[in-house]
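This report refers to the structure that appears directly beneath it.
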C-alpha cells in the first residue's frame, strides 16, 4: 500500500482525455458508466455537480463526481469514483476526502451511492468506511450477459461523526476545495 497521500483538485477540460481513458480501463469498464466528453464537460460546468481529479505527485490516479450540491434536503450523491492504480489505498483516500467534503465542508446530512452487486472490491471498501446497505435496485445495470442488481449504500452525518476520524490532511483538503 502506498504511503504517499493524494490530493484532489477540480477537474479541468484538459483532464478529460485521461478521465475518459480511466473509465475504459479494463478493471473499471465493467463497473463504470461510459460517459461522453460532453457529459463530463457538463458535470464540470454544472453548479449542482462537482468533478475532481485525484493526483499523487501531480499524476492522476483517479477521479470522483458528486451530484446534489444544491439539494435542499442536504443529501449528496457519490455519482462516480474511479481509480486506475488499484491496491495502493487511493480509493480509500478519495472516499475519506469525499466524506470530509460532504459532511465537514458542505454540512450535508446524507451521502449515498449505488454500486453494482458484482463489484465486491468497492462494496468492501464502502462497508469498511462506514456505509450501510439501504436497498437493492433489481436488474438495473445492463451487461453483455444480462442484468445485475445495484446496491444503494449511504452514510449519515451522525454516523460519520461517531466514527474514528481520518487524518487531518484529507479534512483540510476538503475544507479548502473550491469546486468550480
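Let's see how each residue does on (1) at pLDDT below 95; (2) assigned to a loop (DSSP other than H, G, I, E, B):
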residue	(1), (2)
22	no, no
30	yes, yes
62	no, no
69	no, yes
100	no, no
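Each residue in the stretch 102-139 was checked for being part of a loop (DSSP other than H, G, I, E, B) and under 9 Å from residue 153 (Cβ atoms), and 1 pass.
Would you check if residue 20 is on the phi > 0 side of the Ramachandran plot and surrounded by fewer than 18 Cβ atoms within 10 Å (Cβ to Cβ)? Give the derivation first.
Details: on the phi > 0 side of the Ramachandran plot: no; surrounded by fewer than 18 Cβ atoms within 10 Å (Cβ to Cβ): yes.
In short, no.
Got at least one residue in the stretch 110-123 being in contact with a strand residue (DSSP E or B) (Cβ under 6 Å, 6 or more places away or on another chain) and over 30 Å from residue 145 (Cβ atoms)? Yes, the stretch 110-123 contains at least one residue that is in contact with a strand residue (DSSP E or B) (Cβ under 6 Å, 6 or more places away or on another chain) and over 30 Å from residue 145 (Cβ atoms).
Do you know which residues across the stretch 93-108 are surrounded by fewer than 17 Cβ atoms within 10 Å (Cβ to Cβ) and on the phi < 0 side of the Ramachandran plot? Of everything in the stretch 93-108, just one residue is surrounded by fewer than 17 Cβ atoms within 10 Å (Cβ to Cβ) and on the phi < 0 side of the Ramachandran plot, namely 105.
The values are calculated or read from the model by the stated rules, or taken from the named source; none is laboratory data. All of these numbers come straight from a predicted model, not from anything done at the bench. Here Cβ is always computed from backbone atoms with ideal geometry, including for glycine, and neighbour counts include all displayed protein chains.
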